[in-house]
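Visitor: The structure follows.
The values are calculated or read from the model by the stated rules, or taken from the named source; none is laboratory data. This one's a predicted model, so the numbers in the text were calculated from it and none came from an experiment. A quick note on method: Cβ atoms are made from the backbone with ideal geometry, for glycine too, and the neighbour counts reach across all protein chains shown.
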Amino acid sequence: MGNLSINLKPNFMGLLKCLNSINWFIVFFSLINLSMCIYEDQIGKFDWRQSYVGRIKFAQFDTVSTARKIIVATEENVLAALNLKTGQVVWRHVFESTSSGNIQLLHLSDQIITVTGSNPYLVRGWDLSTGVLIWEWGLTLQKNEHTDFSEWWVQNGLLVHMVPKFGSHIEVSVYNVATGHNRGATSKLPAVWINEGCVLSPPYYTCISGSPGNQLLLSMDVTSDAVQIISKPLAEYTTARNANLNPFDTNTVIPGFLLNEKIILIRGNKFEAINIAVSEPSASVALVDSASGPLVLQTWNDEAKGFTLTAHNLVSGQRVNEIGWSDRSLSIPEPELSAVICTKTAREQHVCRILVTAADDASHLIQQEGRVLWTREEALANVVAVEFVDLPVSDLDAAIESEFDQKEGSVLAAFTRRLQSQFQQLQGAVRTLLAGDAAAADEPPPLVRDYFNLHKIMVLLTDAGKIFGMDNLSGEILWKLYEPNLNTEAAVMFTRRSARHPPHDAYLTIVGKHEETGNGLIVSLNPIRGTPVGEQTLHLDVQILQCAVLYKADAQKLHALILLDKDENVQILPESSAPLVENMYMHVADRSSAVVRGYALRHDGERVSAKNIWSVDLSGGGSQRVVWSVSKPAAERIHSAGRVLPDRSVLYKHLNPNLVLLLTEGPDPVHKDVVVATCVDGVSGGVLSAHVHRRARRPALPLHSEHFLAYLYYNDKQRRHEIATLELYEGPERWVPAGAAFSSLRGARAPHVQRHAYIVPAAPAAAALSATERSLTDKHVLLALSTGAIVELPWALLEPRRALSPAGEAREEGLVPYAPELPLPAEAVVNYNATLLRLTRIHTAPSGLESTSLVLATGLDLFYTRIAPSKTFDLLKDDFDYYLISVVLAALVLATYSTKYFAARKMLKMAWK
Amino acid sequence: MQQFTLFFVVHLTALFASTACIDYDGFLNMKLEHSLNCNDEKFCHRGSITLKSIRTGVPIIDQILFNEKHLEALKKLANEDEFYSIKTTITTGENSKGTEYLSSVKAQAFLENGLSDVINAWILPNGAVIAVNFQVANSTQPLKQATNEYKLNSKFYLRYIEQAPVPDTASYIQKMERDREAREKGEMKDNRSFLAKYWMYIVPVAIFVMISGATNPEASAPAGR
């Protein structure tokens, strides 16, 4: 206001001037716009969201409502409606991820009925078209045991709950579906013959019982008032030694079951063996109703013919030829018939729609003749690891690069190369001119690097063992690879060669475990095309303890993979890189014993050996266990080595590249639970700092970059989430001269550790730091909250150097005064109103633009966006007025020349006077 | 009086305990073994460090003297740029079985700095040691020779793991209270009327309106007709 009053003079001109200056203020403040949000018309321009539901557990076609849907219940505890035509999610309800959200039953009548949880149970009714909850009632059983094998189904508008007690009896309760009113109370049916191998085909419960060789096939209608047991010797149906009962994958017609490879129905209280052979032991069998009577559908993956589906008429046993085909192009491993609907057309032809779920969690809706209507890659609901891979440069750019690469050669050769490449460039330019913009918009952009390197391929590794290559701009799946033996628990991905080195292909390696043996399984592929390269799929004969990528590349620009196995032997892939191993260190933290060991790797001329050089025991008397171990991102650049203080001195950062943050938690006799955060040097094993949080639990989401670290924990005393931050400083003087390499083994000096803690007024689910190419841009923290929002916070708010009331100098430095609670403003939410359910991880990657960081959030949903922590200082605004600036420029040029002409004329006239 | 002093002592020890951040006191025994001149075994005796009380942290260091053979072996390691490893076994009153820790320094650096090292033992509030680190002290002193034998120059520090800071709500609330009080006082001072405070803005606007009204009275006059 003071500024204003000086400018303001009691006359008109003064006021005008003042208004002018206010205008400038407005312009100025709009330039340093502090909010980080996007405009409404920018929604979907730089970001996309994909919604998933998880592997389908139950599915039913909605035949009641006008808009055709498939209602699915999934392993991820999601109830959703999928559009029949496109496969997109119409509506979706996400239940608790714990056992209380486990879906036990999905039943469709005029509304959807679900049973969730495991004692207590919740029975809910949902509206078919909108998915709105209509009614709900709860049920708690007195006895908790045996409920694991309980079964639910709906029969004649009544909900039946059956709890078998093996070797004793069956408890059956019948409820009114909508009200939960227990109609006939609980009845106990004596059945000493039931065991774990029994199958239910409502309302019949069927078992094989008796001593071997004298086995009986027993079945009972558990809902009938009079107990009637159907009993037949097993030998009548099968002669196999170990007979197995299996239910049908889908059955809407007659109670029945599979006895080994035989279909047996229960009709009129009698077993009835059907004369239709099950072609393959692994085949999925379904019994469905159609206009011409019930059909038996079978599907399996034939080695020779690929995906195969057959149909037989249940009554006649005849094969229905119009349903049934095999397709080698479809890769559906271990198909399972989730839902089938068959109708008849006017021409008396069967029309079936079949929802098939495969072992790779993908669901396909297949129509007649094997036409796949849509495919949902539900494996993406469980992404384990993500790697952003640069695209190769275009052929043209590669030619230019190679032109400047070649040093040798005569002048003439260089000249011809130049001519050639320029001719190519000209050709390219002409081609793009001729093709025009319209043609370019239709076809997908080619997989080459763009000018700002914003276009990348994201390689996503999923829990199911399926690997995806995804375009980051469109979210389109470019390739997929299913690795059935890959156990992705604690799997890691390394880009061992980027696409920057033509003619060599990019090279990506996944190190995981074998599903059965637990030994190391290494998958190497070309991340651009998804084709196996190099070692391809390598199954080791030993378990892997630790793996790393060698920092030096070999002649083929390939970084070797170093594996430390359980017997502390070292394997180098490829072996030819072994002589490159030098100054290589590894550390292994044992989760349960909390012992951390460090190894020095040496190449002694023949082979590489690992020597245990340090070990620390973080168990704290045996109670603590390691929860997290985080080191710095591998290819991190550091822009500045210190911070300038107001008195012009420099506070140097402690930039130890080997620093590892280890978080342990465990019970304590005095303070209930404690969390210990220890900073260990990964090379020397020296502890740099350690702190203990009392009455704290669940340390999570550690962040580690440059000289700062942060982690979250739950404060048990205050019942809230808190974030602890720490920064390491060397002090006003450098330990090592500028430019000298840092060595962990040099000597005993401890950095100065600044610490603080802040309250997070939300429940964070994931956290990440923004990453830019040269780390010039500010570091921002991305916090994913359980509410489905991703909040972008500047590191300045988490800085431990924030003082409560900064004195003069600290204020000059620009530190924000301390406030115990972190602000989570709504305008800092990067995903605006696109709620992301059950987020688990956030991945960031640098782009070619220094200001921009690429972000992918994974969880039940995938969300991609890009953020600019220090604003887009190197990029023109999205709505930049090119037209205006060119008009202004042209007008200026015109004005300059015209004034020049007029000035010359005037001078001439003056001279004549 | 006696009671009072006793109370005082108890209070003092409690105070001390909170500063040392240790819930537990007892002895600490460290057996040091190194991998140097050990004949057939992997590790052999180098010395021991004993603390009578963890709380006071005063160590009694007892180490062997290095003879020519030791030095010879150390030089050999230094030539190969190898590590000189020390294994520490810690026994306390609660943990009589002992826990092993391993640490290494570059043999070259150890030799150059005249066999001087710094030993840091990090101890949790419950009295459990998490790590024993050996680091070479940055002292370019020559080897101390005592009749053909070389003295090890070790410094021992017991590092207590402190409690991490918690969100400082109390002092923040105090600060807010202070700010509020200051603001209230400030408002009390400036309780002039609206006109008294903002006359410098109102007067020019009024004058401007008057001038613009006075300069073209004819313009408004036809509108009235």
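Visitor: Among the numbered conditions (1) within 34 Å of the chain's Cα centre (by Cα); (2) more than 12 Å from every other protein chain (Cβ to nearest Cβ); (3) at pLDDT 85 or above, tell me where B:Gln141 comes up short.
Guide: B:Gln141 satisfies all of (1) within 34 Å of the chain's Cα centre (by Cα); (2) more than 12 Å from every other protein chain (Cβ to nearest Cβ); (3) at pLDDT 85 or above except (3).
Visitor: While we're looking at this one, here's another question. Looking only at strands (runs of 3 or more DSSP E) that lie completely in the stretch A:724-785, which have at least 1 residues being within 14 Å of chain B (Cβ to nearest Cβ) and either at pLDDT below 90 or within 25 Å of the chain's Cα centre (by Cα) (or both)?
Guide: Filter on the stretch A:724-785 gives A:752-760.
Visitor: Check the stretch A:587-595 and report whether any residue there is of a type in the set (Gly, Ala, Ser), surrounded by 17 or more Cβ atoms within 10 Å (Cβ to Cβ), within 13 Å of chain B (Cβ to nearest Cβ) and farther than 18 Å from B:Phe83 by Cα.
Guide: yes
Visitor: Let me ask something additional. Does the stretch A:382-400 contain at least one residue that is assigned to a strand (DSSP E or B) and aromatic (Phe, Trp, Tyr)?
Guide: Yes.
Visitor: Just checking, how many residues over the stretch A:655-688 are farther than 14 Å from A:Gly620 by Cα, at the interface with another protein chain (Cβ under 10 Å from one of its Cβ atoms) and of a type in the set (S, T, N, Q)?
Guide: 1
Visitor: If A:Ser201 satisfies every condition in (1) farther than 30 Å from A:Ile229 by Cα; (2) surrounded by 19 or more Cβ atoms within 10 Å (Cβ to Cβ); (3) of a type in the set (Ser, Thr, Tyr) but one, which is the exception?
Guide: (1)
Visitor: Does B:Ala78 satisfy being within 14 Å of chain A (Cβ to nearest Cβ), in a helix (DSSP H, G or I), touching a strand residue (DSSP E or B) at 6+ places or on another chain (Cβ under 6 Å) and of a type outside the set (Lys, Arg)?
Guide: So B:Ala78 fails the test.
Visitor: Which residues, counting only those in the stretch A:598-616, are surrounded by 17 or more Cβ atoms within 10 Å (Cβ to Cβ) and within 14 Å of chain B (Cβ to nearest Cβ)? Talk me through it step by step, then tell me what you get.
Guide: Restricting attention to the stretch A:598-616, the residues satisfying the condition of being surrounded by 17 or more Cβ atoms within 10 Å (Cβ to Cβ) are A:598-603, A:608, A:610, A:613-616.
Within the stretch A:598-616, A:Gly598, A:Tyr599, A:Ala600, A:Leu601, A:Arg602, A:His603, A:Ala610, A:Ile613, A:Trp614, A:Ser615, A:Val616 qualify.
Visitor: Further, regarding this structure: Any residue at all in the stretch A:216-228 that is acidic (Asp, Glu) and either surrounded by 13 or more Cβ atoms within 10 Å (Cβ to Cβ) or in contact (Cβ under 8 Å) with a residue 40 or more places away in the chain (or both)? Break it down stepwise before answering.
Guide: Filtering the stretch A:216-228 for residues acidic (Asp, Glu) gives A:221, A:225.
Adding the requirement that they be either surrounded by 13 or more Cβ atoms within 10 Å (Cβ to Cβ) or in contact (Cβ under 8 Å) with a residue 40 or more places away in the chain (or both) leaves A:221.
Yes, the conditions are met somewhere in the stretch A:216-228.
Visitor: Looking only at residues in the stretch A:488-505 that are modelled with pLDDT under 90 and of a type in the set (Gly, Ala, Ser), which one is surrounded by the most Cβ atoms within 10 Å (Cβ to Cβ)?
Guide: Only one residue fits best here, namely A:Ala499.
Visitor: While we're looking at this one, here's another question. Mind listing whichever residues of the stretch A:299-319 are touching a residue at least 40 places away in the same chain (Cβ under 8 Å) and closer than 16 Å to A:Lys262 by Cα?
Guide: If the condition is that a residue be touching a residue at least 40 places away in the same chain (Cβ under 8 Å) and closer than 16 Å to A:Lys262 by Cα, then A:Thr299, A:Ala311, A:Leu314, A:Gly317 are the ones that fit.
Visitor: I've got another one for you. Filter the strands (runs of 3 or more DSSP E) completely within the stretch A:259-374 down to those with at least 1 residues that are touching a helix residue (DSSP H, G or I) at 6+ places or on another chain (Cβ under 7 Å).
Guide: Result: A:319-327, A:350-357, A:362-367.
Visitor: Okay, moving on. Given the conditions (1) within 10 Å of another protein chain (Cβ to nearest Cβ); (2) modelled with pLDDT of 90 or more, which single one is not true for A:Leu709?
Guide: Single failed check for A:Leu709: (1).
Visitor: From the list A:Ser623, A:Ser619, which residue is within 13 Å of another protein chain (Cβ to nearest Cβ), surrounded by 15 or more Cβ atoms within 10 Å (Cβ to Cβ) and closer than 27 Å to B:Asp117 by Cβ? It would help to see each step written out before you state the result.
Guide: Values: A:Ser623 fails: closer than 27 Å to B:Asp117 by Cβ.
Just a single option satisfies the conditions, and that option is A:Ser619.
Visitor: Answer yes or no: is there a residue in the stretch A:626-640 that is within 14 Å of another protein chain (Cβ to nearest Cβ) and of a type in the set (A, V, I, L, M, F, W, C).
Guide: The answer is yes, given that some residue of the stretch A:626-640 is within 14 Å of another protein chain (Cβ to nearest Cβ) and of a type in the set (A, V, I, L, M, F, W, C).
Visitor: Against the condition surrounded by fewer than 20 Cβ atoms within 10 Å (Cβ to Cβ) and either closer than 24 Å to A:Asn472 by Cβ or assigned by the TED database to the domain that holds A:His603 (or both), how does A:Glu575 come out, does it pass?
Guide: In short, yes.
Visitor: Do we find a residue being under 25 Å from A:Ile572 (Cα atoms) and among the aromatic types (Phe, Trp, Tyr) anywhere in the stretch A:497-508?
Guide: yes
Visitor: Right, next: Among the residues of the stretch B:39-51, are any of a type outside the set (Phe, Trp, Tyr) and within 14 Å of chain A (Cβ to nearest Cβ)?
Guide: Yes, there is a match, as at least one residue in the stretch B:39-51 is of a type outside the set (Phe, Trp, Tyr) and within 14 Å of chain A (Cβ to nearest Cβ).
Visitor: Still on this structure, please answer the following. Return the total of residues in the stretch A:712-723 being within 11 Å of another protein chain (Cβ to nearest Cβ) and in a strand (DSSP E or B).
Guide: Start the filter on the stretch A:712-723 by keeping residues that are within 11 Å of another protein chain (Cβ to nearest Cβ), which leaves A:713, A:715, A:717-718, A:720-723.
With in a strand (DSSP E or B) added as a condition, the list becomes A:713, A:715, A:720-723.
Number of matching residues: 6.
Visitor: Would you check if B:Asn126 is in a loop (DSSP other than H, G, I, E, B), surrounded by fewer than 20 Cβ atoms within 10 Å (Cβ to Cβ) and either within 14 Å of chain A (Cβ to nearest Cβ) or at pLDDT 85 or above (or both)?
Guide: Considered against the rule, which asks whether it is in a loop (DSSP other than H, G, I, E, B), surrounded by fewer than 20 Cβ atoms within 10 Å (Cβ to Cβ) and either within 14 Å of chain A (Cβ to nearest Cβ) or at pLDDT 85 or above (or both), B:Asn126 comes out as no.
Visitor: Please name all residue pairs, on different chains or six or more residues apart, with Cβ atoms under 9 Å, provided the first residue is in the stretch B:92-110 and is on the phi > 0 side of the Ramachandran plot and more than 10 Å from chain A (Cβ to nearest Cβ) and the second residue is hydrophobic (A, V, I, L, M, F, W, C) and not in a loop (DSSP other than H, G, I, E, B).
Guide: B:Gly98/B:Ile90
Visitor: If you don't mind, another one. Would you check if there is a residue in the stretch A:831-838 being without any contact (Cβ under 8 Å) to a residue 40 or more places away in the chain and either closer than 15 Å to A:Phe46 by Cα or not assigned by the TED database to the domain that holds A:Phe388 (or both)?
Guide: Filtering the stretch A:831-838 down to residues without any contact (Cβ under 8 Å) to a residue 40 or more places away in the chain leaves A:833.
Keeping just the survivors that are either closer than 15 Å to A:Phe46 by Cα or not assigned by the TED database to the domain that holds A:Phe388 (or both) gives A:833.
Checking the stretch A:831-838: at least one residue is without any contact (Cβ under 8 Å) to a residue 40 or more places away in the chain and either closer than 15 Å to A:Phe46 by Cα or not assigned by the TED database to the domain that holds A:Phe388 (or both).
Visitor: Next question, about the same structure. So, A:Tyr901, is that one outside any loop (DSSP other than H, G, I, E, B) and over 30 Å from A:Ile723 (Cα atoms) or not?
Guide: It is true that A:Tyr901 is outside any loop (DSSP other than H, G, I, E, B) and over 30 Å from A:Ile723 (Cα atoms).
Visitor: Within the stretch A:531-543, count every residue that is under 18 Å from A:Glu515 (Cα atoms) and out of contact with any Asp or Glu (no Cβ under 6 Å at 6 or more places or on another chain).
Guide: Adding up the residues that qualify gives 7.
Visitor: Can I ask one more? Give just the number: which of (1) among the polar types (S, T, N, Q); (2) touching a Pro at 6+ places or on another chain (Cβ under 9 Å); (3) exposed (fewer than 11 other Cβ atoms within 10 Å of the Cβ) does A:Ser853 not satisfy?
Guide: (3)
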